[in-house]
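The values are calculated or read from the model by the stated rules, or taken from the named source; none is laboratory data. A quick note: this is a predicted structure, and the numbers were derived from the prediction, not measured. Note that we place each Cβ from the backbone using ideal geometry, even for glycine, and neighbour counts take in every protein chain shown. To get the accessible areas, we keep the full protein, side chains included, count just its heavy atoms, and leave off ligands, DNA and RNA. Shrake-Rupley method; radii C 1.70, N 1.55, O 1.52, S 1.80 Å.
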Amino acid sequence: MENRKSSARKTPFHDVTTELGAEFTELFGSLWPDHFGDVDAEYRAQRESVAVFDASPINKWEFRGPDAEVAAQRVHTNNVVGAAFGQVRYGAFCDADGQMIDDGTVFKLASDHLWVMTNKNTRAEHFANATSDLDVQIEDITEDLPHLFFQGPGSREALAPITDADLTRLGWFRFYPEQVTVAGIPVWLSRTGVSGELGYELFCRPDVAPDLLRALLRETGARPYGLTAIEPVRIESGIIVTDTDYPEHTYTPYDVSFDHLIDLRRDFLGRDALAALEPEPRRYRLTTLRLDAEELPEYGTALTREGERVGTLTSPTLSPYAGPIALAIVEAPLAVPGTRLEVASGGSPSGAVVHKSHPAYDPEKRRPRS
């Protein structure tokens with residue numbers, strides 16, 4: 001429950017999550033479920049069974065018009081133009097110098113209709129400036145399109161009996177551009193998420209949102225979870241967040257190991273700068289560290305080697321799966337498994353070693369592909 005009055009936006013699922021005992025966190029102007037009283041169980045539900053999360057505050061932009069596809073490509077590093085209808089592309093949003101300002105997904109409903117999703121809600125001016133010569137209308141539809149994460153290895157089995165969608169035909173990073181029903185409620189269904197597991201996202205209209213969440217809980221037994229339980233899951237799975245893992249206008253997508261999410265055949269903002277860097281040795285790499293101590297350092301702690309700064313520890317967690325680990329951006333030659341680094345944390349620096357794999361959990365993404 002909220003302990004004080006807040007002007008933050010409440011999502012259409014808020015009353016239901018309140019009934020379920022959620023504690024809330026205010027972030028980017030919205031109230032997010034932080035936890036439901038048992039973070040360990042919420043973590044396990046994502047990794048072992050099925051769990052549901054109110055992801056509605058994630059920022060959603062609708063691109064419509066004759067140049068909508070070109071406009072979405074203009075602001076995204078991945079291959080939007082070459083995507084099929086019903087395909088989702090993940091990648092970076094860059095400035096003209098090829099430095100990242102955000103990361104997120106593009107959902108292609110049609111050539112003249114796409115959804116673009118970002119971490120931050122301050123992208124309207126950037127999108128408008130980048131597409132000012134195109135025939136496209138860009139609208140913030142976050143409040144019109146609430147949505148849920150439905151994640152975990154049991155998610156397909158739980159969802160199949162209550163939907164008219166053929167889940168066997170829905171591949172990873174694909175969605176149905178036309179609405180399907182779940183428990184008789186119209187939704188847009190996508191096989192995506194941030195758990196590193198098999199999972200789905202369900203988008204709906206605000207008026208049916210409470211009924212959708214209640215039906216999922218009733219029919220599937222999914223456990224509701226919050227941001228606190230997402231943090232170890234996303235760090236284990238190598239999923240980054242703007243400001244937390246990279247400041248705006250500082251790193252290129254290459255620096256955060258997004259090489260495979262850059263399609264230089266396409267025309268996007270920052271493309272020429274990235275094309276010039278492509279053949280060059282990498283400066284930095286995103287990797288996972290195994291920390292020596294369970295006492296976690298702060299987000300953004302400096303990493304050193306022989307007294308010289310060599311990177312930044314961005315997101316630490318005490319992982320139930322891998323122990324104390326962290327995401328980090330380090331100088332590329334040091335991003336080799338087994339490399340030892342120092343963590344400059346307070347008065348008693350500790351050590352870390354580059355993890356044997358990045359991400360620490362399922363680096364080949366076999367589980368979400370299953």
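Things to note:
- Candidate set: region 90-110, residues that are open to solvent by 30 Å² or more (accessible area, probe 1.4 Å) and of a type outside the set (Gly, Ala, Ser); chosen: the one nearest to Arg205 (Cα to Cα): Tyr90
- Residue in region 250-264 that is surrounded by the most Cβ atoms within 10 Å (Cβ to Cβ), counting only those that are without any contact (Cβ under 8 Å) to a residue 24 or more places away in the chain and part of a helix (DSSP H, G or I): Asp259
- Which listed residue is buried (at least 17 other Cβ atoms within 10 Å of the Cβ), over 21 Å from Gly21 (Cβ atoms) and of a type in the set (A, V, I, L, M), from Leu213, Leu202, Leu167: Leu202
- Number of the exception - Pro368 against (1) under 30 Å from Gln73 (Cβ atoms); (2) in contact with a Leu (Cβ under 7 Å, 6 or more places away or on another chain); (3) assigned to a loop (DSSP other than H, G, I, E, B); (4) not β-branched (Val, Ile, Thr): (3)
- From the list His113, His126, His147, the lone residue that is under 22 Å from Phe173 (Cβ atoms) and open to solvent by 10 Å² or more (accessible area, probe 1.4 Å) is His113.
- Residues of region 320-338 classified as of a type in the set (Asp, Glu) and within 22 Å of the chain's Cα centre (by Cα), total: 0
- Residues of region 328-339 classified as open to solvent by 60 Å² or more (accessible area, probe 1.4 Å) and not in a loop (DSSP other than H, G, I, E, B), total: 2
- Residue match in region 265-281 (condition: touching an Asp or Glu at 6+ places or on another chain (Cβ under 8 Å) and either open to solvent by 40 Å² or more (accessible area, probe 1.4 Å) or among the hydroxyl-bearing types (Ser, Thr, Tyr) (or both)): yes
- If you filter region 62-82 down to residues that are of a type in the set (A, V, I, L, M, F, W, C) and open to solvent by 10 Å² or more (accessible area, probe 1.4 Å), you find that the one that is nearest to Phe149 (Cα to Cα) is Val81.
- Residue-level check: of (1) among the hydrophobic types (A, V, I, L, M, F, W, C); (2) open to solvent by less than 30 Å² (accessible area, probe 1.4 Å); (3) in contact with a Pro (Cβ under 6 Å, 6 or more places away or on another chain), Trp172 misses just (2).
- Test result for Glu178, modelled with pLDDT of 95 or more, closer than 23 Å to Val233 by Cα and among the acidic types (Asp, Glu): no
- Pairs with Cβ under 8 Å, 6+ apart, first in region 52-75 and outside any strand (DSSP E or B), second among the acidic types (Asp, Glu) and surrounded by 24 or more Cβ atoms within 10 Å (Cβ to Cβ): Ala55/Glu201
- The numbered conditions (1) in contact (Cβ under 8 Å) with a residue 12 or more places away in the chain; (2) in a loop (DSSP other than H, G, I, E, B); (3) surrounded by fewer than 22 Cβ atoms within 10 Å (Cβ to Cβ) are all true for Thr11 except (3).
- Filtering region 222-249 to residues that are part of a loop (DSSP other than H, G, I, E, B), in contact (Cβ under 8 Å) with a residue 12 or more places away in the chain and not charged (D, E, K, R) leaves Ala222, Tyr225, Gly226, Ser237, Gly238, Ile239, Ile240, Val241, Thr244, His249.
- A residue that is among the acidic types (Asp, Glu), modelled with pLDDT of 95 or more and farther than 14 Å from Ser56 by Cβ occurs nowhere in region 3-15.
Quick grid of which residues meet (1) among the small types (Gly, Ala, Ser); (2) modelled with pLDDT under 95; (3) within 13 Å of Gly238 (Cα to Cα); (4) open to solvent by less than 40 Å² (accessible area, probe 1.4 Å):
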position	(1), (2), (3), (4)
Tyr299	no, no, no, no
Glu308	no, no, no, no
Thr317	no, no, yes, yes
Ala326	yes, no, yes, yes
Leu341	no, no, no, yes
Val353	no, no, no, yes
Ser357	yes, no, yes, yes
